[in-house]
């Protein structure tokens, strides 16, 4: 059983923010797989399933995401190695994509929560959202919508990441790293 987790915040006011790019990728995967909604209140998230693949959007708000992931992990007996977390990363330029197993949370509260609840050995799909000029602006920056220039490229980026996620179901992570990592969305062919 593979569990894809997209990090984000519930509510329409957060829908288009940088912090919610993980939710956007999950929405695309759910649609592409024709996954069915199997959500339960006890999961604290929107959960979808297509055969042996689960897709989760925690509804706990970012800082408590680990709680939802832990509940789904335990209920479906998913190994931590089979959990793939898709999230925004301010340490990467907008449109960059990286894959990494384990490591630190880099100040990301969603990852911090996951590390506490399920350990650090899950696979991360890091999507660059750029960073603000000053460190003090980070919280405000990630909770703002993408710029109009970024929005033009967003669908291509989401499609690229969801295709990479599909590849992770059948290929070794190193193959996916070498074929799907991006330095920038501008390097992606139309």
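Across segment 107-127, which residue is nearest to residue 70 (Cα to Cα) among those that are out of contact with any helix residue (DSSP H, G or I) (no Cβ under 7 Å at 6 or more places or on another chain) and not in a helix (DSSP H, G or I)? Walk me through it before giving the result.
Initial filter on segment 107-127 (out of contact with any helix residue (DSSP H, G or I) (no Cβ under 7 Å at 6 or more places or on another chain)): 107-108, 111-112, 115, 120, 124, 126.
Keeping just the survivors that are not in a helix (DSSP H, G or I) gives 107-108, 120, 124, 126.
Numbers: 107: 20, 108: 18, 120: 12, 124: 16, 126: 20 Å.
The extreme case among them is 120.
Determine whether residue 118 is closer than 18 Å to residue 29 by Cα and surrounded by 17 or more Cβ atoms within 10 Å (Cβ to Cβ). Judged against the criteria, residue 118 is not a match.
Residues of segment 39-78 that are in a loop (DSSP other than H, G, I, E, B) and without any contact (Cβ under 8 Å) to a residue 12 or more places away in the chain: 39, 40, 51. Here residue 87 passes the criteria (1) modelled with pLDDT of 95 or more; (2) under 15 Å from residue 20 (Cα atoms); (3) surrounded by fewer than 20 Cβ atoms within 10 Å (Cβ to Cβ) except the one numbered (3).
Residues that are under 16 Å from residue 83 (Cβ atoms) and surrounded by fewer than 23 Cβ atoms within 10 Å (Cβ to Cβ): does segment 34-43 have at least one? Taking every residue of segment 34-43 in turn, at least one turns out to be under 16 Å from residue 83 (Cβ atoms) and surrounded by fewer than 23 Cβ atoms within 10 Å (Cβ to Cβ).
Note on segment 151-177: residues that are under 19 Å from residue 86 (Cβ atoms), in a helix (DSSP H, G or I) and more than 18 Å from the chain's Cα centre (by Cα) total 2.
A search for C-beta distances below 7 Å between a residue of segment 140-156 that is without any contact (Cβ under 8 Å) to a residue 40 or more places away in the chain and at negative phi and any residue that is part of a helix (DSSP H, G or I) and surrounded by 11 or more Cβ atoms within 10 Å (Cβ to Cβ), counting only pairs 6+ apart in sequence or on different chains, returns 156/185.
Here is a yes/no grid of residues against (1) in contact with a helix residue (DSSP H, G or I) (Cβ under 8 Å, 6 or more places away or on another chain); (2) closer than 19 Å to residue 141 by Cα:
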residue: 32; (1), (2): yes, no
residue: 55; (1), (2): yes, no
residue: 62; (1), (2): yes, yes
residue: 66; (1), (2): yes, no
residue: 79; (1), (2): no, no
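If we scan segment 128-137, do we find a residue that is under 19 Å from the mean Cα position of the chain (by Cα), over 22 Å from residue 5 (Cα atoms) and outside any helix (DSSP H, G or I)? Scanning segment 128-137 turns up at least one residue that is under 19 Å from the mean Cα position of the chain (by Cα), over 22 Å from residue 5 (Cα atoms) and outside any helix (DSSP H, G or I). Residues that are surrounded by 15 or more Cβ atoms within 10 Å (Cβ to Cβ), more than 29 Å from residue 153 (Cα to Cα) and in contact with a strand residue (DSSP E or B) (Cβ under 7 Å, 6 or more places away or on another chain) are absent from segment 13-28. Scanning segment 68-77 for residues that are closer than 28 Å to residue 174 by Cβ and out of contact with any helix residue (DSSP H, G or I) (no Cβ under 9 Å at 6 or more places or on another chain) yields 76, 77.
For segment 95-114, give me each residue that is at negative phi and surrounded by fewer than 22 Cβ atoms within 10 Å (Cβ to Cβ). Even if it seems obvious, please write down each step before you answer.
Within segment 95-114, the first condition is being at negative phi, and the residues that meet it are 96-101, 104-105, 108-114.
Answer for segment 95-114, where residues must be at negative phi and surrounded by fewer than 22 Cβ atoms within 10 Å (Cβ to Cβ): 96, 98, 99, 100, 101, 104, 105, 109, 112.
The values are calculated or read from the model by the stated rules, or taken from the named source; none is laboratory data. Fair warning: this is a prediction, and the values are worked out from it, not measured in the lab. Glycine also receives a Cβ, built like all others from the backbone with ideal geometry; neighbour counts cover every protein chain displayed.
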